[in-house]
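What follows is one structure encoded as structure tokens, with my remarks underneath.
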Amino acid sequence: MKARYKVVALASAILVVALGLLYSGRSVSAASTVQITGSVKLDGVAPHQKPIDMAKEPSCAAVHKDKPVTTESVVAGANGGLENVVVYITQGLTGNEPVSTQSVEINQKGCQYIPHVVAVDAGQHLKIVNSDQTSHNINSQSTKNPGWNKSQPPGAAPLDAAWNNEEVAIPVKCNVHPWMHAYIVVVKGPYGVSDDSGSFKLDNVAPGTYTLTAWHETYGTQTQNVTVAAGKPATVSFTFKAK
């Protein structure tokens with residue numbers, strides 16, 4: 001009987017130690033995640049963006065009376081920084097990365113989608129807001145996820161949406177205002193979207209070797225490998241050639 005108790009006690013001790021090591025390993029892993037930063041440049045002159053005529057929606061036209069808006073298929077800054085490029089990981093993930101809980105929002109303001117390109121983690125929720133005095137119809141033209149098409153009158157509560165499957169990228173349009181276009185990029189794992197200077201960042205990346213993909217609605221995709229070491233942020237740059 002005493003021998004049996006000793007075996008049970010030994011097994012319990014081993015289990016406690018194993019759980020302690022597992023917890024410790026997870027803590028170290030979480031603490032060692034770093035950031036990948038970088039920039040996206042456009043080599044050459046950005047193509048001319050066509051002006052948008054909003055005369056059929058006076059409330060929106062009034063918003064832009066001092067600065068008419070244009071299409072946003074290629075938006076480049078004075079320094080050549082390329083905006084609206086989604087950078088994400090396509091190889092090297094373990095598959096156990098938690099879904100991001102960071103708030104993501106797309107706003108319909110002045111009969112534009114702001115931002116023009118938004119990225120979400122698969123399963124991450126996206127809040128859709130209507131700040132205009134007119135109704136919008138949000139039509140997400142997905143092919144790998146269920147279709148999504150809803151109306152949103154002025155003053156309505158934000159809509160909530162999520163997509164479970166990766167899809168690069170989902171075109172979004174408004175059936176009421178045909179000039180309104182945007183893209184929702186659904187990925188898995190850390191991602192970043194370049195700003196008006198071409199800068200981007202991916203947070204909470206665990207140490208390892210990864211393939212990064214940069215996607216742009218006009219110029220397609222580029223890939224680049226990067227190795228991330230614990231405690232050492234990595235830097236990557238992409239350059240797209242103007243057409």
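The values are calculated or read from the model by the stated rules, or taken from the named source; none is laboratory data. Note that this is a predicted model, so its numbers are computed, not measured. Don't worry about glycine lacking a Cβ; one is built from the backbone with ideal geometry, like all the others, and counts go over all protein chains shown. The accessibility values were calculated without ligands, DNA or RNA, using every heavy atom of the protein model including side chains. Shrake-Rupley method; radii C 1.70, N 1.55, O 1.52, S 1.80 Å.
Some notes on this structure:
- Residue within segment 175-183 that is among the aromatic types (Phe, Trp, Tyr) and closer than 24 Å to TYR219 by Cα present: yes
- Residues in segment 186-201 that are open to solvent by less than 80 Å² (accessible area, probe 1.4 Å) and in a loop (DSSP other than H, G, I, E, B): GLY189, PRO190, SER194, ASP195, SER197, GLY198.
- Among the residues of segment 142-155, those identified as surrounded by 13 or more Cβ atoms within 10 Å (Cβ to Cβ) and in a loop (DSSP other than H, G, I, E, B) are SER142, ASN145, PRO154.
- Single residue of THR209, THR221, THR213 found to be among the hydroxyl-bearing types (Ser, Thr, Tyr) and either open to solvent by less than 60 Å² (accessible area, probe 1.4 Å) or not in a strand (DSSP E or B) (or both): THR213
- Which listed residue is out of contact with any Ser or Thr (no Cβ under 8 Å at 6 or more places or on another chain), of a type outside the set (A, V, I, L, M), in a strand (DSSP E or B) and surrounded by fewer than 18 Cβ atoms within 10 Å (Cβ to Cβ), from THR239, THR235: THR239
- For segment 156-175, the candidate set comprises residues that are under 21 Å from SER73 (Cβ atoms) and either free of Cβ contacts under 8 Å to residues at least 12 places away in the same chain or buried (at least 16 other Cβ atoms within 10 Å of the Cβ) (or both); within that set, the residue that is farthest from the chain's Cα centre (by Cα) is CYS174.
- Options VAL120, VAL85, VAL74; residue that is of a type outside the set (D, E, K, R), more than 27 Å from ALA242 (Cβ to Cβ) and in contact (Cβ under 8 Å) with a residue 24 or more places away in the chain: VAL120
- For TYR183: the one exception among (1) touching a strand residue (DSSP E or B) at 6+ places or on another chain (Cβ under 6 Å); (2) assigned to a loop (DSSP other than H, G, I, E, B); (3) not β-branched (Val, Ile, Thr): (2)
- Flag for ASN204 being in a loop (DSSP other than H, G, I, E, B), touching a residue at least 40 places away in the same chain (Cβ under 8 Å), of a type in the set (S, T, N, Q) and out of contact with any strand residue (DSSP E or B) (no Cβ under 6 Å at 6 or more places or on another chain): no
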